[in-house]
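*Asks:* Structure incoming, see below.
Every number here is computed from the coordinates shown, using simple stated rules; none is lab data. Just so you know, these numbers come straight off a predicted model, no measurement behind them. Neighbour counts run over all protein chains shown; Cβ positions are idealised from the backbone, glycine included.
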Amino acid sequence: MKTKLTTLITTALLGLTLNAADVKPYPLKTCLVSGNELGSMGKPITKVYDGQEIKFCCKPCIKKFEANQAKFLSKLPK
């Protein structure tokens with residue numbers, strides 16, 4: 001069981017490493033949810049959704065984003 005779990009975790013990590021090169025960088029200097037300048041509330045939080053890097057000013061913005069991803073992703077420049 002321990003070996004299967006280790007193999008699963010290693011495979012998942014390798015998959016994340018290989019896909020990291022395909023991530024589009026976040027183009028804004030503000031939080032996509034609140035509009036606050038990144039860094040104004042501490043270190044920005046970075047997440048990746050569907051190959052797009054997103055930066056948030058705080059944890060509550062992550063919850064708001066995840067509740068309506070399409071709304072906020074449409075704010076990104078194309």
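*Asks:* Using the crude model of +1 on Lys and Arg Cβ and -1 on Asp and Glu Cβ, and no other charge, please compute the dipole size for segment 23-78 relative to its Cα centre, in debye to 20.
*Replies:* I would put it at about 60 debye.
*Asks:* Still on this structure, I have one more. Report for segment 20-78 the percent antiparallel among DSSP-assigned beta bridges with both residues inside it, nearest 5.
*Replies:* 75 percent
*Asks:* Modelling each spin label as a point 7 Å along the Cα-to-Cβ direction, I'd like the residue 73/residue 48 distance in nm, to one decimal.
*Replies:* The modelled label-to-label distance comes out at 1.5 nm.
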